[in-house]
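*Asks:* Pasting in a structure now, in structure tokens, and then I'll have a few things to ask.
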Amino acid sequence: MATLKDVKLSVSIAMVHIRSKLRQTIVATVGVAFGIAVFIFMVSFIMGTNNYMMDITFEHSPHLRLYNEPTIAETTILDRKYPDWKNEVHNVRPRDVQLNLKDARQAIQEISQLQEVDAVAGSVKSQVFYRYGSNAINGLVNGIDFDNENRLFNLEEKLVEGSFREMNTIPNSLVMGEGLANRLNLSVGDRLNLTTEAGGTFSIVVIGLFKTGLTDIDRQQSYASLATVQRFLGVPASYITDIQAKLHDMDLAPQMLNKWKKRFGYQGSDWKEDHSTLLEGEALRSMIVYGVAITILLVAGFGIFNILTMMIYEKMKDIAILKAMGFSDTDVRYVFLFQALLIGAFGSVFGLIFGFLIAYAISTMPFESDVMVTLDHLPVSFETVYYIAGFTFGLITTFLAGYFPSRKAAKVDPISILRG
Amino acid sequence: MNILEVNNVDKYFLEPSRFHVLKDITFAIKKGKLVTITGKSGSGKSTLLYLLSTMDTEFSGSIRVDGEELKGKSNRWLSNFRNEHIGFVFQFHYLLPEFTSLHNVMLPALKRGTHDKESIEEKAYGLLKMLDIEDQAVKRSSLLSGGQQQRVAIARSLINDPLLIMCDEPTGNLDSKNTQIAFGIFREIIDKGEQTMIMVTHDEDLADRSDEIIHLEDGRVV
């Protein structure tokens, strides 16, 4: 193996080469720096946007949901009566089940005691018609226990006008999504009629407006107190259709869900099932980002490859002399490999710095959107892992770009050149 | 004592077609001699020199330098051997153009790595002084004249106190005044008795002033 001394000597020769070809070296370095900078900028921006979208979605959705769903009975009554017969029943209808969760209050109590659980709340969801004047819009009303629900979803921050708290004191009151209010042409203080599935119609007053930034919710949903919704539906105070929970560590959700499903006999889903498209989309976007970045780096790598190959042709004589003087193939290879690595290292570092500066500049750019209400600047993510990835990519590409030319240099046959 | 022994060496060129360049070459060179290899162009004299210099390993037969058989040694071993025991002077001076004269002279010793940088620098400077070009020491070698460059190359070939100094037409590119100076230097070095020089040349005047002449004709020693 080459000793440290040999490597040092090769490096000092490489430094002389670099100094004499300063302009080419700088061009190659800038090429790498550009690639890395674009990579950092793109990753930061796209991931920032991605994370922002994930955040608002996840802020407004629980890690775990427990609910009841009407199911089709697997066996018919005939099967039970005559198990030996071959029974055929057409048009089996779902059983008429109550959508409420059995003993939900105890379940909530029990879940809230668990260490892994950050917040848990029960609610009653019901499909309703909002009627105002000649308008009738289908939507959802969500009966909530405000304190718990607020801990889950940070509702207070979504309030645009009015108040959530008065929900518990003013009877028949609700806080409405801003989009829904606009569709109905309503404002705070107005009264409207609510028709439930069962057919009852109630008069109700709007005491506040909220906006989550998620159109689906803002244009359809409103919040009322648990008691109000239970009264509309004509059900007792123990009637709860949904339990939603957030955990300290959201990755535990699937396993907690299984436990709870068994424990309480409810159905349920976790955030991974609820947001599979979103998660899949995120994975795809990351692939695109890395794909584009690698392409850019490959182009920069080809630049280095070209420059080094040209350099080796120019330096054929020098290589032959070095070999005649007793430099080994490995020594010669190090001379050129080191040049590539130096270009790679400097290019990567400059690229990281420029990339960071561009990303930082972008993150200070004001950006306002009707949809993304909580956004005032472009979302940019500044995670260290992108910078580590960028640096590693840069070094690997330049190493490869330098490896092949330098191997060629090591293989130069000195005699054929020295003989002229 | 024989510093170099060549026994039954045959060499073929395979490209563009098989060609027998060196035919059954056998000779020996004693330590402290200045030997010239002469012959018409195409007689194989340069080829022989490169075989002796360890850079060409494609031959049959046996070449021993200072008792070491060269046949069958690895590239790395040959590189180190070359570095320690063989100095080169080529026809077209062949310095590294971006390095200073001093640095060019120092490189083989830096590669050898047995002395620290200061003592190598001192020795290199001493050699340049001996060759009367110490005033060019810190100039980039590409800025030197042909004669000056050749003298730097001679200094470089001497830095590791090699057993053998190989010259391929060392004066081929010099005018007659510089040729005389260069040959004078060679004579002076060899007359100290420690080193041996093998020089390929077609200058008969120089050959006549050497200790021994190996004349090649069509790949045979005559």
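Read-outs throughout are calculated quantities, based only on the coordinates presented, and are distinct from any laboratory measurement. Worth saying up front: this structure is predicted, and the values here are computed from it rather than measured. Because the Cβ atoms are built from the backbone with ideal geometry, glycine has one as well, and the counts that use them run over all protein chains shown.
*Asks:* How large is the Kirkwood hydrodynamic radius of the stretch A:274-326, in angstrom, based on all distinct alpha carbon pairs?
*Replies:* Taking every pair of different Cα atoms in the stretch A:274-326, averaging 1/r and inverting gives 14.6 Å.
*Asks:* Out of A:V124, A:L4, A:Y387, whose Cα points farthest toward the positive end of the dipole of chain A (charges: +1 Lys, Arg; -1 Asp, Glu; placed on Cβ)?
*Replies:* About the Cα centre, the residue reaching furthest to the positive side is A:L4.
*Asks:* So for the protein assembly as shown, taking the charge dipole from beta-carbon charges (+1 Lys/Arg, -1 Asp/Glu), which of A:T169, B:S101, A:I353 sits furthest toward the positive end?
*Replies:* Positive-end residue among those listed: B:S101.
*Asks:* To continue, here is another question. Check cross-link reach from A:K262 to the lysines: straight Cα distance under 30 Å, and skip same-chain residues fewer than eight apart.
*Replies:* Straight-distance partners of A:K262: A:K81, A:K102, A:K125, A:K246, A:K272.
*Asks:* Oh, and also: Translational D (Stokes-Einstein, µm²/s) of the stretch B:2-221 at 4 °C and 1.567 mPa s when Rh comes from the Kirkwood sum over C-alpha pairs?
*Replies:* The calculation lands on 73 µm²/s.
*Asks:* Same structure, new question: With viscosity set to 1.002 mPa s at 20 °C, what whole-number translational diffusion coefficient in µm²/s follows for chain A from Stokes-Einstein and a Kirkwood radius over Cα pairs?
*Replies:* In µm²/s, the coefficient is 79.
*Asks:* Treating the beta-carbon of each Lys and Arg as +1 and of each Asp and Glu as -1, no other charges, what is the dipole magnitude of the stretch A:117-221 about its Cα centre, to the nearest 20 debye?
*Replies:* Using Cβ point charges on Lys, Arg, Asp and Glu, the stretch A:117-221 gives about 360 debye.
*Asks:* A follow-up question, please. Can you tell me the 0 to 90 degree angle between the C-alpha axis of helix A:4-20 and the longest principal axis of chain A, rounded to 10?
*Replies:* Between helix and principal axis, roughly 90 degrees.
*Asks:* Here is a further query. If one takes the longest principal axis of the Cα atoms in chain B, at what angle in degrees, from 0 to 90 and to the nearest 10, does the Cα axis of helix B:101-112 lie?
*Replies:* The answer is roughly 60 degrees.
*Asks:* With +1 on each Lys and Arg Cβ and -1 on each Asp and Glu Cβ, and nothing else charged, work out how big the dipole of the stretch B:70-222 is about its Cα centre, in Debye to the nearest 20.
*Replies:* Computed about the Cα centre, the dipole is about 720 debye.
*Asks:* Report Rg/Rh for the stretch A:124-169, rounded to two decimals, where Rg is the Cα radius of gyration and Rh the Kirkwood radius.
*Replies:* 1.03
*Asks:* Then there's this: Compare the Cα positions of A:V335, A:L297, A:L378 along the charge dipole of the stretch A:259-395 (+1 at Cβ of Lys, Arg; -1 at Cβ of Asp, Glu; about the Cα centre) and return the one farthest towards the positive end.
*Replies:* Looking along the dipole axis, the top candidate is A:V335.
*Asks:* Sticking with this structure for a sec: Among the aspartates and glutamates, which fall within straight-line cross-link reach of A:K323, defined as a Cα-Cα distance under 15 Å, with same-chain neighbours fewer than 8 residues apart omitted?
*Replies:* Candidates past the 8-residue exclusion: A:D6, A:D331, A:D413, B:D56, B:E84.
*Asks:* Taking H placed 1.01 Å from N in the peptide plane, check which residues at least 5 places from A:H377 or on another chain put their amide H under 5 Å from its amide H.
*Replies:* Under 5 Å from the amide H of A:H377 lie the amide H atoms of A:F367, each far enough along the sequence or on another chain.
*Asks:* Please state the charge dipole magnitude for the protein assembly as shown, taken about the Cα centre, from unit charges on C-beta atoms (+1 on K and R, -1 on D and E), reported in debye and rounded to the nearest 20.
*Replies:* The dipole of the protein assembly as shown has a size of about 740 debye.
*Asks:* Sticking with this one: Considering only DSSP beta bridges with both partners in the protein assembly as shown, what is the antiparallel share in %, to the nearest 5?
*Replies:* 65
*Asks:* Next up: For B:K192, go through the lysines and keep the ones whose alpha-carbon is under 17 Å away, minus same-chain ones fewer than eight residues off.
*Replies:* Partners found: B:K30, B:K31, B:K33.
*Asks:* Right, something else. Where does helix B:176-191 land angle-wise versus the long Cα axis of chain B, in degrees 0 to 90, nearest 10?
*Replies:* Helix B:176-191 sits roughly 80 degrees off the main axis of chain B.
*Asks:* Could you tell me which of the pairs B:K71/B:K123; A:K8/B:K123; A:K5/A:K408 are separated by over 28 angstrom between their Cα atoms in the structure shown?
*Replies:* B:K71/B:K123
*Asks:* Could you tell me the center-to-center distance, by alpha carbons, between the stretch A:248-308 and the stretch B:144-222 in angstrom?
*Replies:* After rounding, the separation between the Cα centres reads 72 Å.
*Asks:* A further question on this structure: When the Cα centres of the stretch A:317-374 and the stretch A:24-86 are compared, how far apart do they sit, in Å?
*Replies:* 34
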